[in-house]
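Okay, so here's the structure we're looking at.
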There are 2 protein chains.
Amino acid sequence: MTDKKIQLIPLGGLGEFGMNMMCLRYGDDIVVIDSGMMFPEAELLGVDFVTPDLTYLKENRACVRALLLTHGHEDHIGSVAFFLGELNVPVYGTAFTLALVERRLDEYELDEEVDLRPIKPKQIIEIGPFKIEFIHVTHSIVSAVAVAITTPLGVVIHTGDFKVDPTPTDNELFDLHTLAEYGKRGVLLLMSDSTNSDRAGYSDSERAVRPRLEDAFNRAERRLLVSCFSSSIHRLQLILDLSQDFGRKVAIVGRSMTAVTEIAHNHGFLQIPDGILIRPQDVMDTPPNKVTVLISGTQGEPMSALSRVSVDNHKNITAEKGDTVILSARIIPGNEKPIFRMIDHLSRRGADVLYGAMNPPLHVSGHGSIEELRLVLNLVRPRYFVPVHGEYRQLAKHARLAEHLRNLGLEESFVLETGDRLEIDNRGARKAGRVTVGRVCIDSGVIDEVVGDTVIRDRRHLSEDGIVLTIIAINKHTGKVEGTPEIVSRGFASDEKSEMMQAARLIVAKTLENSSVEEKTDWGVMKEKVRSDLKRYISKQTQRRPLIMPVIMEI
Amino acid sequence: MTDKKIQLIPLGGLGEFGMNMMCLRYGDDIVVIDSGMMFPEAELLGVDFVTPDLTYLKENRACVRALLLTHGHEDHIGSVAFFLGELNVPVYGTAFTLALVERRLDEYELDEEVDLRPIKPKQIIEIGPFKIEFIHVTHSIVSAVAVAITTPLGVVIHTGDFKVDPTPTDNELFDLHTLAEYGKRGVLLLMSDSTNSDRAGYSDSERAVRPRLEDAFNRAERRLLVSCFSSSIHRLQLILDLSQDFGRKVAIVGRSMTAVTEIAHNHGFLQIPDGILIRPQDVMDTPPNKVTVLISGTQGEPMSALSRVSVDNHKNITAEKGDTVILSARIIPGNEKPIFRMIDHLSRRGADVLYGAMNPPLHVSGHGSIEELRLVLNLVRPRYFVPVHGEYRQLAKHARLAEHLRNLGLEESFVLETGDRLEIDNRGARKAGRVTVGRVCIDSGVIDEVVGDTVIRDRRHLSEDGIVLTIIAINKHTGKVEGTPEIVSRGFASDEKSEMMQAARLIVAKTLENSSVEEKTDWGVMKEKVRSDLKRYISKQTQRRPLIMPVIMEI
């Protein structure tokens, strides 16, 4: 027994934001914690989302025993379907987390049955040499857990995502007692959420949002459009309750918002007052001061419901003078431009938009700030510490935070990045080389609210099907398109002078023609529209999926 | 006289961030307030900066009497050289503002002598029908003024950029008295800075930064690298003073940092303690706890001094384990990715980086928040109000803020965007159509710290010289480049199969070869390096300057 070692192998989420996946190995047994996705950077046009490369797990297929899920956010469960397509092992998570997973599984056709096993906080399961306890934590999604894994060499704790909310809206407190007990008995290794390790103090409680939202409800004289992450069940409940109090009906608009509220309602996490819901198509016929629209699209995603409303392009909802729009979510770094463009469009229509810095806290973070991270470190007092979930700077800050535990049992902190292997045996802990990691680009063919073919393509090599660039010259101030769009391709079957490519130019020209001036001066929207129209056309004609990159030149 | 009207014509900065320029016309007399530039959006690769289109002024050349400058920030003076190249009129500003202008003028060769006329706060000058008083305001740069222009129809006030700092570090208070007197006598039109109209409360005083920086100096055990905007003279003084107190020598690194400190010193705005300065090349030979490096590059600009340090690519300075790096500046929206990448690189080298949310206020805003904007509105109580400087959402918020003045003399607020003309006569005020506006792309051929040809190109039509795309495939995790870079061109003289284009491919390949793995996985840096090398090669071979766009594909 004593010659065996523990290995910790992060396949995603360390040194990068999103697609969290951590493997814990002891001898020939591996459990995997979380299977997330990330949204592609702007540079990765033509890709819908990105998942971890599973090469390491596939090479050790016979050892993989289970997938453990800490909570239902996309950066923790977003790649479960692809994971199970490769490695069909039992999946453990709370009933609510598994319900969110099931929703995604329904969209894909997996060859085999999947084995979802609901667990509850304080429940202990045994998998091979591991005894695994689930511990309730507070976070911006309900039903989140940490995992404490007892191995032959000692206890390994992974917090998942958390904050220490002293007054959670569902009154389910963070189970600090259990964490403290493990700490008292001795913990070999702690992995803890680093997302906010660069924020001083404490994160606000979810309850802090209520007075601000209430204030907005009080002031609103006409229609209220409220956008938040669909998984923020606490927030949805708050908005439903306030609407009830203020005599407003509620319309739920946007695909993910509709699906998640239904799941949360079915699991008893969301109480929907009787008769409060109305259909999106009835919003404009309801008196403006009697309706709240719960709408998806906090990040200014070009095809989201709120983005469409902002350019008068939504089939049911229009923003009008005197309306109030509330963005109750954080701005994910990198999304500033599309979000601010959307807010500008809404402001031009006379809506008062409440966002970010304007009215704190219209949103509170779901991740613990420095003092909460310290609290968890102090309760657990591990021998080794590995910060998880964050870019390098956040991991490094978190490791620095743990330094005061040096005299209190901490032997060493390791800042690992995705692919770095950590080894622990009786002699100690050390980095031990790297495993194959990478990002797999997923091209789902699905665009929000457009139900198309759900062909999932795993494009390890983006260039496999070639690249098609389309060059469009638009006058920024007038929105006028100059000349016919050009098309350039490389490594793609078709000759540029071919009939098909000429037709493709016309497709692009038509997309431009059918767009409003406002859309044409909004490059985010135009790139997305051109890309999706071209993609549809080319894949229909050729059954190929080249990388499609619209290049818009301002003139 | 009474049949004449005032026209307000914004040529930049309203509904967009940067390149501020406002024209005030009465009859056949025009004065222009500020002549700024903006940094191009990421989509505008191949462009160094962007200036307002001067068509309207050129068409009314005979009427343009003067250019008035409110302060020395680039978004207010950055295009003065181009302005004077087209319209050589007298330029009024404080001595310090004009010194910063002169620095830029030296870089370009203008055909004629320029006429710079220094003014002081409280000074009144007459230009045609206008009587212009300059009013001292507090801002993040010293020697900033507002202008009050008395016209035959009434007083027009333009605040420039401001905050109401109750304790400015130079003890030069905002001249609220003069503003109040104008308000008492009656003001026809107020234009006021809207940058922070979406921030509640008051902006912190510049003095609030001192305790936090002092704390950082106290904790730092080794080298201190501090980066701030070179124009933040208050901040530079603070860092010099603290270095003096803590027995640290100071090295000034980066072209703009060196130039601006010299100008500020010469004008008596910056006190440099005797013998405190050392040369950049002596930093690494000075004991690490005895040196502060004042370094440019707060925005993660790929070629800036701090960015180079972050990837071990600076000729004098290296970041080492235990060093402290302080970013004492705001993150300009859109720059998050390059800034965070730079911080990650520095963290990997073991430096502790203090930035943004981590240690507020390591930086304070130079623009007034809502309560300061209200104060100015209440003192001036104008008949008409035009919010200036900001994106549409900020202008709209600012206009909403003024609503409480409705009973106190305010007749109407106008949210104007660049190009919208406002007309005021004895019958009232109204929007009156649009003038020609646009963005002129400037390709200077100059890259920070690389002194090349300073050929200024005014490229109204980006596509004029064609477009050259180079497609590079890089493995994100290993930094390995796959295959030889491809080159695609359109509207550019050379055939893609020509010898020159083949040579260009090799140029790109060489640039890649000579870059470290870390640089290769940092797209911002790679795009900039490839672009500048290709640009140099192509313009040498062909004397043309096509738009050069590196397309990096992650594989």
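The values are calculated or read from the model by the stated rules, or taken from the named source; none is laboratory data. The structure displayed is predicted, hence computed values, not measured ones. Please note: Cβ atoms are built from the backbone with ideal geometry, for glycine as well, and neighbour counts cover all protein chains shown. Side chains are part of the model used for accessible areas, which takes the heavy atoms of the whole protein and leaves out ligands, DNA and RNA. Shrake-Rupley method; radii C 1.70, N 1.55, O 1.52, S 1.80 Å.
Between residue A:434 and residue B:313, the modelled label-to-label distance comes to 1.9 nm, taking each label 7 Å out from Cα in the direction of the beta carbon.
For residue A:106 and residue B:215, the FRET efficiency from 1/(1 + (r/R0)^6), where r spans their Cβ atoms and R0 equals 56 Å, is about 0.55.
For the pair the stretch B:219-256 and the stretch B:106-142, the centres of their Cα atoms are 30 angstrom apart. Pairing chains B and A buries close to 5400 square angstrom of accessible surface in total, based on protein heavy atoms and a 1.4 angstrom probe. Note that the stretch B:63-74 has calculated 3J(HN,Hα) couplings of 8, 6, 9, 6, 10, 9, 10, 7, 6, x, 6, 4 Hz, one per residue in order, obtained from phi through the Karplus relation 6.51 cos²θ - 1.76 cosθ + 1.60 (θ = phi - 60°); glycine and proline are x.
In this assembly of identical copies, the label point of residue A:407 (Cα plus 7 Å along Cα-to-Cβ) is separated from its counterparts by 6.3 nm, sorted shortest first. Neighbours of residue A:222, meaning other residues whose beta-carbon lies under 9 angstrom from its beta-carbon, give a summed charge of -1 when Lys and Arg score +1 and Asp and Glu score -1. Here the contact order of chain B, divided by its residue count and restricted to Cα pairs under 8 Å and six or more residues apart, works out to 16 percent. For residue B:181, the shell of other residues with beta-carbons less than 13 Å away shows a net charge of +2, using +1 for Lys and Arg and -1 for Asp and Glu.
Counting only heavy atoms of protein chains, what accessible area per residue, in Å², does chain B have with a probe of 1.4 Å?
On a per-residue basis, 37 Å².
The accessible area of residue A:4, taken with all protein chains in place and a 1.4 Å probe, comes to roughly 90 Å².
Treating each Cα of chain B as one equal point scatterer and applying the Debye formula with no solvent, the log10 of I(q)/I(0) at q = 0.08, 0.12 Å⁻¹ comes out as -0.57, -1.21. Computed from point charges on the beta carbon alone (+1 for Lys and Arg, -1 for Asp and Glu), the dipole magnitude for the stretch A:466-554 about its Cα centre is near 340 Debye. Accessible surface of residue A:262, taken over heavy atoms with a 1.4 Å probe and every protein chain present, rounds to 110 Å². Separation of the alpha carbons by more than 19 angstrom is noted, of B:163/B:397; A:5/A:431; A:122/A:184; B:315/B:527, for B:315/B:527. Compute the Cα gyration tensor for the protein assembly as shown, then decide on rounded, prolate or oblate, letting a ≥ b ≥ c be the square roots of its eigenvalues: rounded whenever a/c is under 1.5, prolate when a/b is larger than b/c in the other cases, and oblate in all that remain. It comes out rounded by the Cα gyration axes.
Protection proxy ranking, highest mean first, for peptides B:178-186, B:413-421: B:413-421, B:178-186, where packing is the per-residue count of other beta-carbon atoms within 10 Å, averaged.
Mean sequence separation of contacting Cα pairs (under 8 Å, at least six apart), scaled by the length of the stretch B:178-337, corresponds to a relative contact order of 29 percent.
Residues of the stretch B:387-418 whose accessible area, computed with a 1.4 Å probe over protein heavy atoms, drops by at least 20 Å² once all protein chains are present relative to their chain alone are B:392, B:393, B:397, B:400, B:417.
Label-point spacing at residue B:288 relative to the other copies reads 6.3 nm, in ascending order, each point sitting 7 Å out from Cα along Cα→Cβ. Full extension of the segment from residue B:332 to residue B:517, taken as 0.36 nm per residue of separation minus the current Cα-Cα distance, would add 63.9 nm. Axis-proximal residue of chain A for the rotation onto chain B, reported as residue and distance in whole Å: A:488, 3, based on Cβ position. Working from label points 7 Å from Cα in the Cα-to-Cβ sense, the residue A:95 to residue A:202 distance is 3.2 nm.
Potential lengthening of the chain between residue A:258 and residue A:113 amounts to 49.6 nm, from the contour at 0.36 nm per residue minus the alpha-carbon distance. Over all directions, the projected convex hull of the C-alpha atoms in the stretch A:466-554 averages 5.0 nm² in area. For chain B, DSSP calls about 55 percent of its internal beta bridges antiparallel.
For the stretch A:102-138, the residues whose amide N sits under 15 Å from a probe point set 7 Å from the Cα of residue A:172 along the beta carbon direction are A:118-123, A:134-138. Taking the longest Cα principal axis of chain B as reference, the axis of helix B:392-401 is set at about 40 degrees. Of the options B:507, B:473, B:483, report the single residue whose Cα projects farthest towards the positive end of the charge dipole of the stretch B:466-554 (beta-carbon charges: Lys, Arg +1; Asp, Glu -1). Of B:507, B:473, B:483, it is B:507.
Using a 7 Å projection from Cα along Cα-to-Cβ, the label point at residue A:176 is separated from the same position in the remaining copies by 4.4 nm, smallest value first. Computed from Cα atoms, the angle from the helix A:209-219 axis to the main principal axis of chain A rounds to 20 degrees. In the distance distribution for the stretch A:206-354, Cα-Cα pairs more than 27 Å apart total 13 percent. When a 1.4 Å probe is rolled over the protein heavy atoms, the share of accessible surface on chain A that falls to carbon and sulfur comes to 48 percent. For residue A:348, the accessible area of its heavy atoms, probed at 1.4 Å with every protein chain present, is near 90 square angstrom.
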